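This report refers to the structure that appears directly beneath it.
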Amino acid sequence: QVQLVESGGGLVQAGGSLRLSCAASGRAFNSRVMGWFRQAPGKGREFVSLINQSGGMTYYADSVKGRFTSSRDNAKNTVYLQMNSLKPEDTAVYYCAASRSVSSDYAKYDDWGRGTQVTVSS
């Protein structure tokens, strides 16, 4: 099991940037695929990105491709989501999650953080 805590959310103007962090505890972090998901009010949980165990492979939703970048520091048990050129439609609660498999399906993720709010004003 991996315990996850997100940070770095906040209020930003359209076109701005934020970097989210997800700190993990537990020895299993290095063996987990890490994903980012988001949920806007009244909508379902949406896949944003994932990064494999080594950090050598990433995958992004089309809606964020070219604007968001995921990275991880296994020595610090932390995964990051750098978000640039933010748009009002990026407003959501962002969650990090851990999985044993490479998947964009939230059902494949076993461990979840509590989320951090990102609000982008127009």
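All of (1) assigned to a strand (DSSP E or B); (2) buried (at least 20 other Cβ atoms within 10 Å of the Cβ); (3) aliphatic (A, V, I, L, M) hold for Leu11 with one exception: (2).
Of these, Ser17, Ser49, which one is surrounded by 20 or more Cβ atoms within 10 Å (Cβ to Cβ), among the hydroxyl-bearing types (Ser, Thr, Tyr) and under 15 Å from the mean Cα position of the chain (by Cα)?
On the way: Ser17 fails: surrounded by 20 or more Cβ atoms within 10 Å (Cβ to Cβ).
From the options Ser17, Ser49, the qualifying one is Ser49.
Output yes when any residue across region 93-104 is over 20 Å from Ala23 (Cα atoms), more than 12 Å from the chain's Cα centre (by Cα) and either open to solvent by 50 Å² or more (accessible area, probe 1.4 Å) or at pLDDT 95 or above (or both), and no when none is. Yes: region 93-104 contains one or more residues that are over 20 Å from Ala23 (Cα atoms), more than 12 Å from the chain's Cα centre (by Cα) and either open to solvent by 50 Å² or more (accessible area, probe 1.4 Å) or at pLDDT 95 or above (or both). For region 58-70, give me each residue that is open to solvent by 50 Å² or more (accessible area, probe 1.4 Å) and either outside any loop (DSSP other than H, G, I, E, B) or under 20 Å from Val5 (Cβ atoms) (or both). If the condition is that a residue be open to solvent by 50 Å² or more (accessible area, probe 1.4 Å) and either outside any loop (DSSP other than H, G, I, E, B) or under 20 Å from Val5 (Cβ atoms) (or both), then Thr58, Tyr59, Thr69 are the ones that fit. Pairs linking a residue in region 107-118 that is without any contact (Cβ under 8 Å) to a residue 40 or more places away in the chain to a residue that is surrounded by fewer than 18 Cβ atoms within 10 Å (Cβ to Cβ) and part of a loop (DSSP other than H, G, I, E, B), with Cβ atoms under 7 Å and 6 or more positions apart or on different chains, are Lys108/Ser101.
Would you check which residues across region 19-36 are closer than 18 Å to Met83 by Cβ and in contact with a helix residue (DSSP H, G or I) (Cβ under 9 Å, 6 or more places away or on another chain) and list them? Full working, then the answer.
Let us first name the residues in region 19-36 that are closer than 18 Å to Met83 by Cβ, namely 19-23, 34-36.
Correct list: Gly35 only.
The values are calculated or read from the model by the stated rules, or taken from the named source; none is laboratory data. From a predicted model like this one, the values you see are computed outputs, not experimental measurements. Counting neighbours? That spans all protein chains shown, and the Cβs are built from the backbone with ideal geometry, glycine included. In case anyone asks, the SASA skips ligands and DNA or RNA and just uses the protein heavy atoms, side chains included. Shrake-Rupley method; radii C 1.70, N 1.55, O 1.52, S 1.80 Å.
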